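One structure is given here, and the rest of the page talks about it.
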Amino acid sequence: MADLVIEMGGAGGQAAVESTIEEKPEFSLPEEFSADVALLGVDLVPLDNISDFSFVERVRVDLASGDSDSQLPPIRLIDYQRPEDNIGPISVEGNSLDNLLEYLQSDVIQIGVEFRGDLPDEQWSVVVDTCFSVSGEYRKELL
């Protein structure tokens, strides 16, 4: 998946802002292939009007299928609380317990991001860079 750029509205002061975007994943496998897809990590990089994340206290990133008939529950990909000494890009290891294959095979996925903290007054943007691991096996009967 390519990097996502999410624009966040200015909230000013101690607040929380949320943004949800929809993406069409381009992920398909042959029928004979079974796979596990795990999130290795998420990097958040500040853009535009901000140079660091010194104002951020907490970040949550959720993933859900955007398909109207989906039975898949939303998954929390990261729940990050910033340590006092980190003001730069935010890097969080993924939760390798969830197999994300069914989500990435949806027609549309929804990625929700929530920032909490002493937020800027003006609009700002963040790049969400994800890294996934795919492992699987291919089974086909030999003649």
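Across the stretch 66-75, the qualifying residues are those that are modelled with pLDDT of 90 or more and within 18 Å of the chain's Cα centre (by Cα), and the one among them that is surrounded by the fewest Cβ atoms within 10 Å (Cβ to Cβ) is Pro73. Whenever a residue of the stretch 16-32 is under 30 Å from Gly136 (Cα atoms) and of a type in the set (Asp, Glu), its partners that are at pLDDT below 75 and surrounded by 10 or more Cβ atoms within 10 Å (Cβ to Cβ), lying with C-beta atoms within less than 9 angstrom and at least six residues away or across chains, give the pairs Glu23/Met1; Glu23/Leu4; Glu26/Met1. Among the residues of the stretch 53-71, those identified as touching a residue at least 12 places away in the same chain (Cβ under 8 Å), over 18 Å from Ser125 (Cβ atoms) and part of a loop (DSSP other than H, G, I, E, B) are Gly66, Asp67, Ser70. Suppose the filter is surrounded by fewer than 15 Cβ atoms within 10 Å (Cβ to Cβ) and either under 15 Å from Val108 (Cβ atoms) or not hydroxyl-bearing (Ser, Thr, Tyr) (or both); does Arg58 pass it? When the stated conditions are applied, Arg58 passes them. For the stretch 82-140, filtered to residues that are among the small types (Gly, Ala, Ser) and closer than 16 Å to Val45 by Cβ, the residue that is modelled with the highest pLDDT is Ser91.
The values are calculated or read from the model by the stated rules, or taken from the named source; none is laboratory data. Just so it is clear, the model here is predicted, and its values are computed rather than measured. FYI the Cβ positions are ideal-geometry reconstructions off the backbone, even for glycines, and counts take in every protein chain you see.
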